1. Considering (1) over 23 Å from residue 97 (Cα atoms); (2) modelled with pLDDT of 90 or more, say which one residue 175 fails and leave the rest.
2. Looking at region 64-73 only, could you name the residues that are in contact with a strand residue (DSSP E or B) (Cβ under 7 Å, 6 or more places away or on another chain) and either modelled with pLDDT under 95 or surrounded by 15 or more Cβ atoms within 10 Å (Cβ to Cβ) (or both)?
3. Given the structure, is residue 150 surrounded by 14 or more Cβ atoms within 10 Å (Cβ to Cβ) and either within 30 Å of residue 64 (Cβ to Cβ) or modelled with pLDDT of 90 or more (or both)?
4. From the list 49, 38, which one is under 16 Å from the mean Cα position of the chain (by Cα), surrounded by fewer than 20 Cβ atoms within 10 Å (Cβ to Cβ) and closer than 26 Å to residue 170 by Cα?
5. Taking residue 204, is it closer than 16 Å to residue 149 by Cα, under 14 Å from the mean Cα position of the chain (by Cα) and surrounded by 14 or more Cβ atoms within 10 Å (Cβ to Cβ)?
6. In region 126-136, is there at least one residue being within 17 Å of residue 189 (Cα to Cα), outside any loop (DSSP other than H, G, I, E, B) and modelled with pLDDT of 95 or more?
7. Going by the structure shown, is residue 104 at positive phi and exposed (fewer than 14 other Cβ atoms within 10 Å of the Cβ)?
């Protein structure tokens with residue numbers, strides 16, 4: 001299968017929706033850029049810098065028996081070369097680790113959803129979309145190349161029956177920032193440190209549907 005780390009300028013990820021979230025750079029230029037640091041808000045840059053702290057804080061609250069069931073998925077340092085999934089049909093599910101502000105469950109796992117990664121061309125840029133076909137919480141955003149073992153996701157949360165995502169950077173409570181990592185053969189995760197609500201760390205698992 002083709003991979004996208006070496007060819008894509010940016011990649012768009014839309015979970016449970018096919019629309020592309022608007023993103024602006026710090027200068028107000030809405031065009032995409034190779035450098036995610038020019039796009040990310042100050043708060044999201046801080047969240048991404050604190051990814052390891054989020055893992056530590058979250059795992060400290062979780063019953064070790066939960067994470068022992070899948071030690072690869074919950075290994076903070078698991079990050080293989082070539083982090084971006086190729087286009088195709090996928091299944092995805094979300095794990096929420098730790099309780100935000102100490103309130104609520106410390107470990108939850110969603111069911112599997114049908115997801116799809118497709119590609120399109122936008123003014124010479126290869127744009128890759130990930131669509132989750134149902135669900136009430138739908139992250140929508142863009143993936144930026146970072147290192148040969150990690151990419152960066154920036155986006156917003158689309159909720160309920162909303163038809164269009166909010167522009168990234170307009171509402172800090174909707175903004176999302178995460179890391180895309182390959183953790184095995186045909187297996188990926190999106191790590192979202194310190195989400196605004198419910199958990200301390202979210203991990204979205206991605207595997208091919210076939």
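The values are calculated or read from the model by the stated rules, or taken from the named source; none is laboratory data. Since we're looking at a predicted model, the values are computed, not measured. Using ideal geometry, Cβ is built from the backbone for each residue, glycine included, and neighbour counts are taken over all protein chains shown.
1. The failed condition is (1).
2. Narrowing region 64-73 to residues in contact with a strand residue (DSSP E or B) (Cβ under 7 Å, 6 or more places away or on another chain): 66, 72-73.
Answer for region 64-73, where residues must be in contact with a strand residue (DSSP E or B) (Cβ under 7 Å, 6 or more places away or on another chain) and either modelled with pLDDT under 95 or surrounded by 15 or more Cβ atoms within 10 Å (Cβ to Cβ) (or both): 66, 73.
3. On the way: surrounded by 14 or more Cβ atoms within 10 Å (Cβ to Cβ): yes; either within 30 Å of residue 64 (Cβ to Cβ) or modelled with pLDDT of 90 or more (or both): yes.
Here the answer is yes, as residue 150 does meet what is asked.
4. Values: 38 fails: under 16 Å from the mean Cα position of the chain (by Cα).
One residue alone meets the criteria, 49.
5. Values: closer than 16 Å to residue 149 by Cα: no; under 14 Å from the mean Cα position of the chain (by Cα): yes; surrounded by 14 or more Cβ atoms within 10 Å (Cβ to Cβ): yes.
Judged against the criteria, residue 204 is not a match.
6. Looking only at region 126-136, we keep the residues that are within 17 Å of residue 189 (Cα to Cα), and these are 128-132.
Then drop every residue that is not outside any loop (DSSP other than H, G, I, E, B), which leaves 128-132.
Next, from what is left, pick out any that are modelled with pLDDT of 95 or more: none.
No: zero hits.
7. Numbers: at positive phi: yes; exposed (fewer than 14 other Cβ atoms within 10 Å of the Cβ): yes.
When the stated conditions are applied, residue 104 passes them.
Every residue, every condition in (1) at pLDDT 95 or above; (2) closer than 19 Å to residue 62 by Cβ; (3) over 10 Å from the mean Cα position of the chain (by Cα), yes or no:
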| site | (1), (2), (3) |
| --- | --- |
| 161 | no, no, yes |
| 168 | no, no, yes |
| 182 | yes, no, yes |
| 189 | yes, yes, no |
| 196 | no, no, yes |
